[in-house]
Amino acid sequence: MQPTIVSKLPNVGTTIFTVMSQLAAEHGAVNLGQGFPDFPMSSALTELVCKAMQSGHNQYVHMNGLPALRGALAQKASSLYGATINPVTDITITPGGTYAIYTALTTVLQPGDEVIVFEPAYDCYIPTIELNGAKAITIALKYPDYSIPWEAVKASITPCTRMIMINSPHNPTGAVLSREDMKTLSAITANTNILILSDEVYEHLIFDDIAHQSILRYPDLFARSFVCFSFGKTYHCTGWKLGYCIAPDHLMQAFRKIHQFNCFTCDSPKQVALAAYLQNEADYLNLGTFMQQKRDFFRALMEKTPFRCVPSHGSYFECYSYEGFSRETDKELAIRLTKEYGIATIPVSSFYRNGEDNKVLRFCFAKKEETLASAAAKLTKLK
């Protein structure tokens, strides 16, 4: 008799990113779907990793992360956001931002808890909530600017509400939260037992002279928050799968109980390298300008196609509406573009639990200019 299992995620299949990337590979398409750069990362940073390995930094570092790296991150949080972060108690290095999100949710959630999630949402949020026996309460962002409908948030709060998840700059839309948004969030959660998970992996990929409204700027919000970050997004090395979580001591103690029995510790030589490389502040401070140039370059090219821009103010992504020229579902069009025109994108309906289809595709512009130009040239032939 063959053993059987009962899936904890019976309604989950292969992610849309894997599906579209595989389809792109099959058809030799330009992949503007999955969010990864196709240009090289800093050679200075890779040299620091090699130096760390050659110098013998190849064994376990502290479970919570290399002390020098945590110290550099605390200093960065102070410089950027005026935050007072204790590097010993408040920061844990993690194998990627998604891991940090998973661990924070697993730390907090009990069966019957409710978590408010804004859609379209990064695809790991809801499965992780459900794996922990909790319930995702989804609220659609207001199309086309993808702003938060705060009145709907207030109406959705119940005695079971345990957490509100926010993501800015937002994946998949590139929307960003304002100071007023943060004030409203503070007012809603004040004098409650509601926690916040803030996904800030794109903190430095923010455009148009907009200041990133990190939770770390707001002491009252930080006191109830897990804040998740990614080195991969900041340093063009998504394959490193290295990130970190910042939370106040009382929350981080619980986070580390889960962390110690999961990965325990992270890649040692890369932590040594990053601790040194973080001293180069210009590298992350100039990232927004660098990536905005790519967004603007791609946006200008897309004006010659039938698509209409849904403006992005951050992240690797910009969304484009095709409502004016096709009645296809976004998944149908995404597949047709890949097979017939050699361009892979992501249908935004995939980021909604109910498949809400606003006739929008997500494009990744974190690519070389020649990659973007090649893709746009193909799209000008779209019929």
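Throughout, read-outs are computed from the coordinates displayed, never taken from laboratory work. As the structure is a prediction and not an experimental result, all values here were calculated from the model. No Cβ is skipped: glycine too gets one built from the backbone with ideal geometry, and neighbour counts run over all protein chains shown.
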With label points built 7 Å along Cα→Cβ from the Cα atoms of Tyr143 and Phe17, find their separation and express it in nm.
2.3 nm
What the 5 Å binned alpha carbon P(r) of the stretch 56-283 shows, as percent of pairs per bin from 0, is 1, 7, 15, 20, 21, 17, 11, 6, 2, 1, 0, 0
Please state the charge dipole magnitude for the stretch 228-383, taken about the Cα centre, from unit charges on C-beta atoms (+1 on K and R, -1 on D and E), reported in debye and rounded to the nearest 20.
380 debye
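Starting from the alpha-carbon convex hull of the stretch 242-332, give the projected area averaged over all orientations, in nm².
So the Cα hull casts an average projection of 10.3 nm².
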FRET efficiency, 1/(1 + (r/R0)^6) with R0 22 Å, evaluated for Cys263 and Leu131 via beta carbons
0.85
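Ser55 to Ile210: extension gain in nm, 0.36 nm per residue of separation minus the Cα-Cα distance? Could the numbers behind the result be given before it?
Details: separation 155, 0.36 × 155 = 55.80 nm, distance 4.11 nm.
Going from the current span to full extension adds 51.7 nm.
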Would you work out if the stretch 184-266 is rounded, prolate or oblate? Take a ≥ b ≥ c from the square roots of the eigenvalues of the alpha-carbon gyration tensor; rounded if a/c is under 1.5, else prolate when a/b is larger than b/c, oblate otherwise.
oblate
With Rg from the Cα atoms and Rh as the Kirkwood inverse mean 1/r over Cα pairs, the chain has an Rg/Rh of 0.96
Distance between Cα centroids, the stretch 1-67 to the stretch 176-206: provide it in whole Å.
28 Å
For Lys183, give me every one of the lysines with a C-alpha distance below 21 angstrom, ignoring sequence neighbours fewer than eight places off in its own chain.
Lys142, Lys154
Simple spin-label estimate for Asp220/Gln279, 7 Å along Cα→Cβ, in nm, reads 4.0 nm
Would you check the stretch 259-374 for Lys pairs whose C-alpha atoms are within less than 27 Å, ignoring same-chain pairs closer than 8 in sequence, and give me the count?
22
Protection proxy (average C-beta count within 10 Å per residue), highest first, orders 250-263, 156-169, 287-300 as 156-169, 287-300, 250-263
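Apply 1/(1 + (r/R0)^6) to the Cβ-Cβ distance of Glu328 and His27, taking R0 = 25 Å, and write down the FRET efficiency to the nearest 0.05.
On the way: r = 18 Å, r/R0 = 0.71.
The value I calculate is 0.90.
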